[in-house]
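The values are calculated or read from the model by the stated rules, or taken from the named source; none is laboratory data. Bear in mind the structure is a predicted one, so any value in this text is a computation, not a measurement. Ideal geometry is used to build each Cβ from the backbone, glycine not excepted, and the neighbour counts take in all protein chains shown. Ligands, DNA and RNA are stripped out before the accessible areas are found, and what is left, the full protein with its side chains, is counted by its heavy atoms. Shrake-Rupley method; radii C 1.70, N 1.55, O 1.52, S 1.80 Å.
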Amino acid sequence: MAPWNAALAVLNSLLLAGVGGVLLAASLAGWLPPGTLPPAWLPGPPEPGGWLVAAVGLAFVLSGLHVTYHALRPRRRDAVSAATELGEVRTALAAVEELARRTGLQVPGVRDIRPRVQAGRDGIRLRVRAEVLPDHPIPDVAPQLQARLREAVETIVGARVAEVRVVVERIAAERRRRAE
């Protein structure tokens, strides 16, 4: 959401929440004398301090706070951006995950890999769950996997990699057999 639209959404929703708060307080405190609200607003004869007015006020308050929250909350980034001479280039995080998966499978000793990518202000963070082959020591495979992933993402995507975390979830039972 653009900053101007977010500011308008916050202003309007806070106004709505304020009106709702006044309605709620007035109805619960019994401050609504008969005939305060037009009869069209209430089904049947108007009741001063009625529960319907309180419910409408509460709905306004909740609606206003809900819109304010969604206008102000930080957005989850779905792509990384790089500026070039001709404009902006955005790479989807799903594309970065696929690159990491393909790169990780090329590392000797890695049988399977499931990467997750998060984009932050300081760069890309990779969280990798890997399955390694039993004849490859994890202390040798993990740093090699981290280095290859960092190099591939920084070279191909052009974004800084802040962190590569590797969790070895499984040690494979046996090597995959090739068709002969």
Treat each spin label as a single point 7 Å out from the Cα along the C-beta direction, and report the Gln118 to Val89 distance in nm. 2.7 nm
Using each residue's phi in the range 9-17, evaluate 6.51 cos²θ - 1.76 cosθ + 1.60 at θ = phi - 60° and report the 3J(HN,Hα) Karplus result to the nearest Hz, with x for Gly and Pro. 5, 5, 4, 5, 6, 5, 5, 4, 5
Starting from the amide H of Val168, placed 1.01 Å from N in the peptide plane, find each other amide H under 5 Å away whose residue is 5 or more places distant or on another chain. Ala130
Grab the other residues whose beta carbon is less than 9 angstrom from that of Arg160, score K and R as +1, D and E as -1, and report the net. -2
Under a 5 Å amide H to amide H cut-off, with H placed in plane at 1.01 Å, what residues pair with Arg160 once short-range neighbours are removed? Ile124
Under the 0.36 nm per residue contour assumption, what length would be gained going from the current alpha-carbon distance of Ile156 and Asn12 to full extension? 47.4 nm
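Lys and Arg at +1, Asp and Glu at -1: add these up for the other residues within a Cβ distance under 14 Å of Leu145 and post the number.
Values: positive: Arg101, Arg102, Arg111, Arg114, Arg127, Arg129, Arg148, Arg150, Arg165; negative: Asp112, Glu131, Asp140, Glu151, Glu163, Glu169.
Residues close to Leu145 contribute a combined charge of +3.
What is the local net charge at Arg116, summed over the other residues whose Cβ is closer than 10 Å to its Cβ (Lys, Arg +1; Asp, Glu -1)? Mind showing how you got there, number by number?
Working: positive: Arg114, Arg125, Arg127, Arg129, Arg165; negative: Glu97.
Neighbour charge sum, excluding Arg116 itself: +4.
Roughly how many percent of the accessible protein surface of the range 107-166 is carbon and sulfur, given a 1.4 Å probe and a whole-percent answer? The partial results should precede the final answer.
Details: 1470 of 3250 Å².
So the carbon and sulfur contribution to the accessible surface is 45 percent.
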With a/c under 1.5 counting as rounded, go ahead and sort the range 65-115 into rounded, prolate or oblate using the C-alpha gyration tensor (a ≥ b ≥ c being the square roots of the eigenvalues; past the cut-off, prolate if a/b is larger than b/c, else oblate). oblate
